[in-house]
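Notes for the one structure printed next.
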Amino acid sequence: MIPVIQLPRRMQLGLAAAGALVQPRDGPRIDFGSPLGEAALAAPDSLSWRIFKNPVALLVGGIAAVILELAEPAVRTGVWQHSTFLDDPVGRLRRTGTAAMVTVYGARSLSEPMIRGVVRMHARINGSTPSGEAFCANDPHLLDWVQATASFGFGGAYSRYVEPLDTADFDRLYREGAPASRLYGACNAPRSAVDMRALFDSQRGRLEFSPIIFEFLQIMREAPALPTALQWLQPMLVRAAVELIPGWIRERLRLDESQGLRAPERLLMKIAGSLSDKILLPDSPPAQSCRRMGLPSAYLYRRRAYPLEPGKEA
């Protein structure tokens, strides 16, 4: 049980604002509230809908997923040489977060065209790793790894820092992701915790150290990804993500104990994860999507959420 600790209102608003990364005010607004009644790739009562409403799970899980992606040489080359991450890390983070939200919450008439666009973009990305291995971003094996790392990261972050999940929960989460994975071209992405372990084991001869991983972690510690009130928390989120990586992979990537959380930070991360699971933003993708499906905005919170006060902004 996490002790009930009331954090300052400013920090509560900051945690809520962290979720707004996927709906930046200076970019195009995505309407998750229409068409009324149109289903998403995942159902409102899915575990996916509950996990993705939590900004701490989304941020920590996303960083962990990228660490694992960068451990795979072909994925690493594609991400580092064929994306805008180095030039615009916060913009890339927002676009990735938006894509994840559209995939989970968006009506099919919104999500499926977006996914087709991503697949077309990936089809244009190809090259060779530093060792001379040819790759294409739409290679099914690489797509399986990318989809697996995302599911592993988001689910693991939610379980570690928000609410514990058991094996049956993880099985359910991975099954829920199957329709979207197939659309992305990852037809053999894990469908259970057993499948996930098998995939990770199969990568033992493949995953490798690269200084790019440490460059990525440094960028994530320093890029202004969070609101000002929460920027002090950003390095801790990065360390929390490192802790999600399986031990043998951390060892291979040279991520020692200094890269992980300090003992007091583990409790603080759980407090932050629990608190952020109770903050309802009425204009957030989860709340809009619930209303689209004829459900209350707070449906995903099971009466544990509280809306921001009228006139208050995150």
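When you go through Leu86, Leu143 one by one, which is the residue that is over 14 Å from the mean Cα position of the chain (by Cα) and farther than 29 Å from Ala198 by Cα?
Leu86
Tell me yes or no: at least one residue of region 48-58 is assigned to a loop (DSSP other than H, G, I, E, B), touching a Leu at 6+ places or on another chain (Cβ under 7 Å) and at pLDDT 50 or above. So that I can check it myself, show each step before the final result.
Initial filter on region 48-58 (assigned to a loop (DSSP other than H, G, I, E, B)): 52-54.
Filter once more, so that each one left must be touching a Leu at 6+ places or on another chain (Cβ under 7 Å): 52-53.
Still in the running and at pLDDT 50 or above: 52-53.
The answer is yes, given that some residue of region 48-58 is assigned to a loop (DSSP other than H, G, I, E, B), touching a Leu at 6+ places or on another chain (Cβ under 7 Å) and at pLDDT 50 or above.
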For region 82-97, pairs from a residue that is within 10 Å of Ala225 (Cα to Cα) to a residue that is at pLDDT 80 or above and surrounded by fewer than 19 Cβ atoms within 10 Å (Cβ to Cβ), with Cβ under 7 Å and 6 or more apart or across chains, are Pro89/Ile219; Pro89/Ala223; Val90/Ala223; Val90/Pro224
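Any residue in region 221-240 that is among the β-branched types (Val, Ile, Thr) and surrounded by fewer than 17 Cβ atoms within 10 Å (Cβ to Cβ)? Working first, answer last.
Of the residues in region 221-240, the ones among the β-branched types (Val, Ile, Thr) are 228, 238.
Adding the requirement that they be surrounded by fewer than 17 Cβ atoms within 10 Å (Cβ to Cβ) leaves 228.
Within region 221-240, one or more residues are among the β-branched types (Val, Ile, Thr) and surrounded by fewer than 17 Cβ atoms within 10 Å (Cβ to Cβ).
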Return the total of residues in region 124-147 being among the small types (Gly, Ala, Ser), assigned to a strand (DSSP E or B) and in contact (Cβ under 8 Å) with a residue 40 or more places away in the chain.
2
Restricting to region 76-133, count the residues that are crowded, with 19+ Cβ neighbours inside 10 Å and small (Gly, Ala, Ser).
6
Against the condition under 18 Å from the mean Cα position of the chain (by Cα) and among the charged types (D, E, K, R), how does Glu251 come out, does it pass?
no
Members of region 267-295 found to be part of a loop (DSSP other than H, G, I, E, B), within 14 Å of Arg50 (Cα to Cα) and free of Cβ contacts under 8 Å to residues at least 60 places away in the same chain, listed by number:
Lys278
Exactly one of these conditions fails for Arg191: (1) farther than 17 Å from Val75 by Cα; (2) without any contact (Cβ under 8 Å) to a residue 40 or more places away in the chain; (3) part of a helix (DSSP H, G or I); (4) not aromatic (Phe, Trp, Tyr). Give me its number.
(3)
Unique residue being out of contact with any Phe, Trp or Tyr (no Cβ under 6 Å at 6 or more places or on another chain) and at pLDDT 95 or above when the list is Ile271, Ile279, Ile245
Ile245
Read through the list (1) free of Cβ contacts under 8 Å to residues at least 40 places away in the same chain; (2) touching an Asp or Glu at 6+ places or on another chain (Cβ under 8 Å); (3) basic (Lys, Arg), then give the number of the only condition that Arg197 fails.
(2)
Looking at the structure I just gave you, is Phe214 more than 22 Å from Tyr174 (Cβ to Cβ), at pLDDT 95 or above and in a helix (DSSP H, G or I)?
yes
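Have a look at Trp248, Trp232 and point out the one that is farther than 20 Å from Tyr158 by Cα, assigned to a helix (DSSP H, G or I) and touching a residue at least 12 places away in the same chain (Cβ under 8 Å). Talk me through it step by step, then tell me what you get.
Working: Trp232 fails: touching a residue at least 12 places away in the same chain (Cβ under 8 Å).
Criteria check complete, one pass: Trp248.
The values are calculated or read from the model by the stated rules, or taken from the named source; none is laboratory data. Model, not experiment: these values are computed from the prediction. So basically every Cβ, Gly included, is an ideal-geometry build from the backbone, and we count neighbours across all protein chains shown.
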